[in-house]
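The values are calculated or read from the model by the stated rules, or taken from the named source; none is laboratory data. Note that the coordinates shown come from a computational prediction; the quantities given were computed from them, not determined experimentally. Reconstructed Cβ throughout: ideal geometry from the backbone, glycine too, with neighbour counts over all protein chains shown.
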Amino acid sequence: MGRMSSNKNWLQKVNTRIAMSAVGAQLLARTMHHLDRFVLRLSNGRSTAATLLTGMQILNLTTTGAKSGQPRTVPLVAIPYEANQLVVIASNWGQAKHPAWYHNIVAHPQVTVTRDGRSQAYLARETEEEERVACWQAALATYPGYAAYERRTSRRIPVILLTPEEN
């Protein structure tokens with residue numbers, strides 16, 4: 001299993017441990033998106049509460065609503081992968097249901113990723129078999145808490161690969 005980055009300060013390490021716990025995940029599942037929106041606004045889209053609290057790189061994933069057709073943006077942990085690809089994990093903090101953004105990308109795989117104030121179009125797809133295992137290992141190296149979320153749910157957590165679209 002991956003280790004948390006040693007370049008985090010002690011507060012970020014503590015906050016990451018809290019996020020991995022069942023109680024912490026329940027609390028953060030209901031509050032983090034509000035905190036992230038606030039910090040995003042204050043920083044002109046350059047930082048999130050999750051980045052400040054845990055030291056992890058966060059991206060903003062904009063999807064098209066599966067039912068509404070409206071743009072929906074959610075902050076997620078950014079997991080770098082091969083050839084400028086990114087991995088995102090539909091863990092939903094280990095809850096029983098997939099997050100709404102997962103259903104959105106199944107219906108509309110063209111997404112926009114915003115990081116450090118810059119946006120780019122990506123194509124999202126769910127990984128399977130060996131590719132899923134490799135992407136999951138990359139995710140655990142970035143944030144070991146995914147293993148705890150996996151233990152808390154009976155569903156198979158989707159592992160999504162984001163590939164940049166050609167200009």
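Tabulated data
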{"quantity": "Selection from segment 96-118 of residues that are free of Cβ contacts under 8 Å to residues at least 40 places away in the same chain and either within 22 Å of residue 56 (Cα to Cα) or within 14 Å of the chain's Cα centre (by Cα) (or both)", "calculated": "99, 100, 118"}
{"quantity": "Selection count where residues are basic (Lys, Arg) and at pLDDT below 90, scope segment 72-97", "calculated": "0"}
{"quantity": "Selected residue [over 28 Å from residue 69 (Cβ atoms), touching a residue at least 24 places away in the same chain (Cβ under 8 Å) and charged (D, E, K, R)] from 155, 125, 132", "calculated": "132"}
{"quantity": "Matching residues in segment 98-143 - criterion: being β-branched (Val, Ile, Thr), within 30 Å of residue 42 (Cβ to Cβ) and either at pLDDT 95 or above or assigned to a helix (DSSP H, G or I) (or both)", "calculated": "105, 111, 112, 113, 142"}
{"quantity": "Selection within segment 79-97 - assigned to a helix (DSSP H, G or I) and over 17 Å from residue 163 (Cβ atoms)", "calculated": "92, 93, 94"}
{"quantity": "Residue among 148, 124, 134, 141 that is of a type in the set (Gly, Ala, Ser) and more than 16 Å from the chain's Cα centre (by Cα)", "calculated": "134"}
{"quantity": "So residue 91, is it touching a residue at least 60 places away in the same chain (Cβ under 8 Å), under 21 Å from residue 26 (Cα atoms) and of a type in the set (Ser, Thr, Tyr)", "calculated": "yes"}
{"quantity": "Residue check, residue 163 within 14 Å of the chain's Cα centre (by Cα), within 17 Å of residue 59 (Cα to Cα) and of a type in the set (S, T, N, Q)", "calculated": "no"}
